[in-house]
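The structure appears right after this line, and notes come after that.
The values are calculated or read from the model by the stated rules, or taken from the named source; none is laboratory data. Please read all numbers here as calculations on a predicted model, not as lab measurements. Note that we place each Cβ from the backbone using ideal geometry, even for glycine, and neighbour counts take in every protein chain shown. Quick note on the areas: whole protein, heavy atoms, side chains included, nothing else; ligands and nucleic acids left out. Shrake-Rupley method; radii C 1.70, N 1.55, O 1.52, S 1.80 Å.
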Amino acid sequence: MTETVTVAGPADLVDGPSSPPVLDVVVPVYNEETDLGVCVRRLHEYLGGGFPFPARITIADNASTDATPAVAELLAAELDEVRVVRLDAKGRGRALRTVWQESDAQVVAYMDVDLSTDLNALLPLIAPLVSGHSDLAIGTRLGPGSRVVRGPKREFISRCYNLLLKASLRARFSDAQCGFKAMRTEVARKLLPLVEDGEWFFDTELLVIAERAGLRIHEVPVDWIDDPDSRVDLVDTARKDLRGIWRLGRALTTGSLPLAELRSAVGREPLVAGVPPGMVGQLIRFALVGVGSTLAYALLYVLLQPLAGAQVANFAALLITAVANTAANRAFTFGVRGQAGLAAHHVQGLLIFGFGLLVTSGSLFALHHWAPWAAVHLELLVLVVANLIATLMRFVGLRWVFRAAAHPEPLTAEVAR
């Protein structure tokens, strides 16, 4: 979508400041002629009253139809380090994407025009970003230490939405929609092209992608007072959010988002070479798949052994479970999805199956050589032990098969907006 952007304000004149600010605070607005002046003056006074970093305020006007553009121009003319960016299309996410990607500040942030969040949380929000410790920072109304004043309806909706995110997208951050967020600008330029939504789901999509890519998200408990004059259409927003959750979940499932490339581009690579992020969770998932495969193998062997004999039953049971095991570990354990490399992965998985077959068949051969009288239950016990050895080698082998995830290509994905 082509957008027309007009920038005005002292910070954008030819003879403007010689060095960019550390912080660029964006205030997205749509038809806010009444509240805009109070908000910007209060924020400007706070930033100029001992705030330790040079800061700029950017009013991002989302195609307002009232006197908001005129009020914004007057504020930019009156106050230092206040500028106006006007867009010809509505959408908070669209406005933030436009300003953040073009900002020359070290850190970009935004807050709602109603200033529901206490400004004393601004420094704790951006400090870990300025230091480089974190990639994103968010205010949370739902975390320990937060103090919130709002009605039961909005409290219920907010908590239900965040629970839905945890259940559907495995989100670990506590509050997706608090209008108080910041990000390192260099991270924003790499992350924002992957965020498709331009409206209210923008925040959620941004955080989920960042979290899945292993970026560090810092949460700040805030004091927050609900704005009783909020004009958000809850029904329409809920509908779009559900649609966004479905779209984003599908993208994560199919592997269409280049998360490994983003992690590499931002510099959140593993601390130890060869050990991917989330190693503990990876081992747990591999173990769960292994338990299921072992049970399936044992069942197939018991069913096939009386009909085909020990060696044939072992081969057939191991082959069937090996194919299923490779597919399950590919998607569930190592997070590799989509059709790219699928055939090669299964061929390599079958090669690993060959090693497992060698171990288990060799164990059977040794058992029958030393104990030809062995019953099926003893055979099964020997095969389970052999399979444990083969499983350890399978994990190492599959790590090698899916090694491409640890060595991504340069980030080249483009998202149509």
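Could you list, ordered by first residue, the pairs with Cβ atoms under 6 Å in which the first is in the range 6-35 and within 25 Å of R94 (Cβ to Cβ) and the second is in a loop (DSSP other than H, G, I, E, B) and at pLDDT below 50, at least 6 apart or interchain?
none
Hey, could you check the range 269-319 for residues that are assigned to a helix (DSSP H, G or I) and of a type in the set (V, I, T) and say which is modelled with the lowest pLDDT?
By that ranking, first place goes to V280.
If you take the residues of the range 382-400 that are over 18 Å from L319 (Cβ atoms), at pLDDT 70 or above and not β-branched (V, I, T), which of them is least open to solvent (accessible area, probe 1.4 Å)?
Here the residue is F395.
Restricting the search to the range 182-197, which residues are within 24 Å of R243 (Cα to Cα) and open to solvent by 10 Å² or more (accessible area, probe 1.4 Å)?
P193, E196, D197
If we keep just the residues of the range 222-232 that are surrounded by fewer than 23 Cβ atoms within 10 Å (Cβ to Cβ) and in contact with a helix residue (DSSP H, G or I) (Cβ under 8 Å, 6 or more places away or on another chain), which is farthest from P28 (Cα to Cα)?
Top of the filtered list is D223.
Of all residues in the range 1-35, how many are over 15 Å from R83 (Cα atoms) and either in a strand (DSSP E or B) or at pLDDT 95 or above (or both)?
Qualifying residue count for the region: 1.
Tell me, which residue of the range 339-381 that is assigned to a helix (DSSP H, G or I) and among the aromatic types (F, W, Y) is surrounded by the fewest Cβ atoms within 10 Å (Cβ to Cβ)?
The residue in question is W370.
Could you tell me which of the residues I157, I138 is open to solvent by 20 Å² or more (accessible area, probe 1.4 Å), in contact with a Leu (Cβ under 8 Å, 6 or more places away or on another chain) and not in a loop (DSSP other than H, G, I, E, B)?
I157
All but one of (1) modelled with pLDDT of 65 or more; (2) open to solvent by 50 Å² or more (accessible area, probe 1.4 Å) hold for R403, so report the exception by its number.
Condition not satisfied by R403: (1).
Do the conditions hold for P144, that is, is it out of contact with any Gly (no Cβ under 7 Å at 6 or more places or on another chain), in contact (Cβ under 8 Å) with a residue 24 or more places away in the chain, surrounded by fewer than 20 Cβ atoms within 10 Å (Cβ to Cβ) and not in a helix (DSSP H, G or I)?
For P144, the condition - out of contact with any Gly (no Cβ under 7 Å at 6 or more places or on another chain), in contact (Cβ under 8 Å) with a residue 24 or more places away in the chain, surrounded by fewer than 20 Cβ atoms within 10 Å (Cβ to Cβ) and not in a helix (DSSP H, G or I) - is met.
If you scan the range 161-178, which residues turn out to be part of a loop (DSSP other than H, G, I, E, B) and either surrounded by fewer than 19 Cβ atoms within 10 Å (Cβ to Cβ) or within 15 Å of the chain's Cα centre (by Cα) (or both)?
Result: R170, A171, R172, F173, S174, D175, A176, Q177.
Quick one: is L257 over 30 Å from I389 (Cβ atoms), outside any helix (DSSP H, G or I) and modelled with pLDDT of 75 or more?
Considered against the rule, which asks whether it is over 30 Å from I389 (Cβ atoms), outside any helix (DSSP H, G or I) and modelled with pLDDT of 75 or more, L257 comes out as yes.
Mind listing whichever residues of the range 301-322 are within 12 Å of L383 (Cβ to Cβ), more than 39 Å from the chain's Cα centre (by Cα) and either open to solvent by less than 50 Å² (accessible area, probe 1.4 Å) or free of Cβ contacts under 8 Å to residues at least 12 places away in the same chain (or both)?
Once the filter is applied, which keeps residues that are within 12 Å of L383 (Cβ to Cβ), more than 39 Å from the chain's Cα centre (by Cα) and either open to solvent by less than 50 Å² (accessible area, probe 1.4 Å) or free of Cβ contacts under 8 Å to residues at least 12 places away in the same chain (or both), the range 301-322 yields Y301, Q305, A310, A313, N314.
So how many residues does the range 244-266 have that are without any contact (Cβ under 8 Å) to a residue 12 or more places away in the chain and basic (K, R)?
1
Please work out if L119 is in contact with a Phe, Trp or Tyr (Cβ under 6 Å, 6 or more places away or on another chain) and among the hydrophobic types (A, V, I, L, M, F, W, C).
yes
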